[in-house]
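Scroll down for the structure; my scribbles are underneath it.
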Amino acid sequence: MTDKILFSGSTHTVAGAEGYARSADGNFAIELPEPHPAAENLFAAAWSACFLGALGLVAGQRKIVLPETPSIDATIDLLHRGGGFELRARLDVAVPGIDRELAQELIEAAHKVCPYSKAIAGNIEVELNLA
């Protein structure tokens with residue numbers, strides 16, 4: 001079976017005082033002057049966007065219409081631990097308008113589906129909270 005690419009994101013990133021990152025399609029550009037904590041912010045935004053897509057997917061698979069727009073407050077911490085650097089994440093996910101137990105089930109299912117969640121599984125500490 002051949003993999004089917006659904007989307008590819010490409011950026012050009014430059015370090016230094018005049019640093020920046022720009023997407024090849026022109027839809028994304030950010031200045032990255034050093035020193036910068038932008039990597040953690042970018043990861044938080046990218047993971048949140050992906051997670052929200054996964055949340056919509058699992059809700060749709062279960063024929064659940066979300067009455068209000070979900071949102072995520074994501075925090076990515078850069079830690080110095082044991083002589084090295086590590087990340088830690090907290091996703092506070094709001095799924096308004098539905099029962100809390102069902103919302104929690106959807107969040108847990110989305111975490112299993114989201115490619116970003118899969119990529120970090122077992123690699124960093126993750127806290128998922130229903131906001």
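Within the stretch 65-75, the set of residues being surrounded by 16 or more Cβ atoms within 10 Å (Cβ to Cβ) and either in contact with a His (Cβ under 6 Å, 6 or more places away or on another chain) or under 17 Å from GLY97 (Cα atoms) (or both) comprises LEU66, PRO70, ILE72. Among the conditions (1) outside the structural domain of ASP92 (by TED's automatic domain parsing); (2) in contact with a helix residue (DSSP H, G or I) (Cβ under 7 Å, 6 or more places away or on another chain); (3) modelled with pLDDT of 95 or more, the only one that ILE30 does not satisfy is (3).
Taking residues in the stretch 107-131 that are assigned by TED's automatic domain parsing to the domain that holds SER71 and of a type in the set (Ser, Thr, Tyr), and partners anywhere that are surrounded by 15 or more Cβ atoms within 10 Å (Cβ to Cβ) and part of a helix (DSSP H, G or I), the pairs with Cβ atoms closer than 6 Å and at least 6 places apart or on different chains are TYR116/TRP47; TYR116/CYS50; SER117/HIS111. In the stretch 4-25, the condition of being of a type in the set (Lys, Arg), at negative phi and exposed (fewer than 10 other Cβ atoms within 10 Å of the Cβ) is met by at least one residue.
Just one of the numbered conditions (1) surrounded by 14 or more Cβ atoms within 10 Å (Cβ to Cβ); (2) in contact (Cβ under 8 Å) with a residue 40 or more places away in the chain is not true of LEU78: (1). Out of curiosity, is LEU78 of a type in the set (A, V, I, L, M, F, W, C), farther than 14 Å from ALA46 by Cα, in contact with a helix residue (DSSP H, G or I) (Cβ under 7 Å, 6 or more places away or on another chain) and at pLDDT below 95? Judged against the criteria, LEU78 is a match. Residue check: LYS63 meets all listed conditions (1) out of contact with any helix residue (DSSP H, G or I) (no Cβ under 6 Å at 6 or more places or on another chain); (2) within 27 Å of SER10 (Cβ to Cβ); (3) outside any helix (DSSP H, G or I) but one, namely (2). Give all pairs with beta carbons closer than 9 Å in which a residue from the stretch 1-23 that is free of Cβ contacts under 8 Å to residues at least 12 places away in the same chain meets a residue that is surrounded by 10 or more Cβ atoms within 10 Å (Cβ to Cβ) and polar (S, T, N, Q); count only pairs at least 6 apart in sequence or on separate chains. Filtered contacts from the stretch 1-23: ARG22/THR11; ARG22/THR13. Across the stretch 41-51, the number of residues qualifying as buried (at least 16 other Cβ atoms within 10 Å of the Cβ) and either touching an Asp or Glu at 6+ places or on another chain (Cβ under 7 Å) or free of Cβ contacts under 8 Å to residues at least 24 places away in the same chain (or both) comes to 1.
The values are calculated or read from the model by the stated rules, or taken from the named source; none is laboratory data. Small disclaimer: the values here were computed from a predicted structure and weren't measured. In this analysis, Cβ positions are derived from the backbone assuming ideal geometry, glycine residues included, and neighbour counts consider all displayed protein chains.
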